[in-house]
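Heads up: the structure comes next, in structure tokens.
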Amino acid sequence: STIIVATKNRGKAKEFAAMFAPLGIEVQTLADYPELPDIVEDGDTFAANALIKARAVVDRYGIPALADDSGLCVDALGGAPGVYSARYAGEPSDDSANNAKLIAELRRLGSQAGTDGQQPLLSAARFVCALAYVEPGGRVLQAEGACEGYIVADARGLHGFGYDPHFYLPDFGATLAELAPEDKNRISHRAKALRQLISFWEE
Ligand code: ITT
Ligand code: NA
């Protein structure tokens, strides 16, 4: 079978494709539906934005859709960039500009949250992922997952996307971008949210 994930983010698309593959589910994304107008994500929460994105696809095409709204919440920044993670450094969204702004803000504040071995940690942080699955009849399933870690100044690793090179996991002694994709897809905010969603599906 096939599922439509209402995303234009290639990093997310790749992770969903990998996580759904063992279930025999193929992923389509908005790249396969280019005529859909840009969706205005003006919700206050990840959950609200995920619902907005899923509903836009259901309303337009009359097919079930899954949407992911996610981002990085940094303690020393009072939870920022949060729902603004994609456009932290302005629009259009640009991962390297967002990462540069994140580190510049933490440096400006002189933020420190200790060290892990030799690795200086700038702040505790978490990734959050909200998922919304909406059916044409109106049935809605929502799930959420988080992944705890620390922000580090030096970018490390080539896997993943977005803020991954600056997101350090003490348990692995590595950033999310240094983990093999299959490891990220076991422990990430997105993986946790998807496992929860699947458990709701099975009920
Ligand atoms: P869609 O709305 O089309 O899905 P988007 O990139 O605009 O794509 P969001 O509004 O949910 O998606 O913004 C999420 C931002 O948070 C994204 O730009 C990433 O930089 C960051 N992010 C989310 N999950 C991440 C992850 O697993 N690793 C690194 N950064 C992540
Ligand atoms: Na968003």
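Descriptive notes on the structure:
- Qualifying GluC sites (Glu not before Pro) in segment 1-95, where qualification requires a DSSP coil assignment and no more than 13 other C-beta atoms within 10 Å, comprise Glu35.
- Extension gain for the segment Ser96 to Arg195, taken as residue separation times 0.36 nm less the Cα-Cα distance, is 32.7 nm to one decimal.
- Secondary-structure-derived ellipticity at 222 nm for the chain, considering helices only, amounts to -9500 deg cm²/dmol, per-run term -39500 (n - 2.57) for DSSP H runs with n ≥ 4.
- Take the Cβ atoms of Gln28 and Ser111, set R0 to 35 Å, and the FRET efficiency comes out at 0.30.
- GNM on the chain, alpha-carbon springs under 10 angstrom: the most fluctuating residue among Leu23, Leu131, Leu36 is Leu23.
- For the chain, with +1 on Lys and Arg beta carbons and -1 on Asp and Glu, the positive-most of Thr45, His159, Leu194 along the dipole: His159
- Here the dipole of the chain is about 140 debye; that uses its Cα centre as origin and unit charges on the Cβ of Lys and Arg (positive) and Asp and Glu (negative).
- Cross-link partners of Lys53 among aspartates and glutamates (Cα-Cα below 14 Å; sequence separation of 8 or more within a chain): Asp38, Glu41, Asp42, Asp44, Asp68, Asp69, Glu135
- Looking at the chain, the DSSP beta bridges with both ends there are about 85 percent antiparallel.
- Virtual spin-label span in nm between Thr2 and Glu35, 7 Å along Cα→Cβ: 1.5 nm
- Ranking of Leu102, Leu169 by count of other Cβ atoms within 10 Å, fewest first: Leu169, Leu102
- GNM flexibility winner over the chain from Gly149, Gly162, Gly11 (Cα, springs under 10 Å): Gly11
- Under the span-like rule (Cα at least 18 Å along the axis, Kyte-Doolittle mean at least -0.5), DSSP H helices of the chain: 46-61, 189-202
- Exposure proxy order (Cβ contacts within 10 Å, fewest to most) of Ile25, Ile52: Ile25, Ile52
- Amide H contacts of Thr175 (H built 1.01 Å from N, in plane; Pro and chain starts excluded): Leu169 sit under 5 Å, all sequence-distant by 5 or more or on other chains.
- Length gained when the stretch Asp44-Arg60 is fully extended (0.36 nm per residue, less Cα-Cα span): 3.4 nm
- Rel. contact order, % - alpha carbon contacts under 8 angstrom, at least six apart, the chain: 17 percent
- Taking 0.36 nm per residue of separation and subtracting the current Cα-Cα distance, fully stretching the chain between Asp75 and Lys14 would add 19.1 nm.
Laboratory data are not the source of any read-out in this text; all were calculated from the coordinates shown. Every value quoted in this text rests on a predicted model; they were computed, and no experiment measured them. Here Cβ is always computed from backbone atoms with ideal geometry, including for glycine, and neighbour counts include all displayed protein chains.
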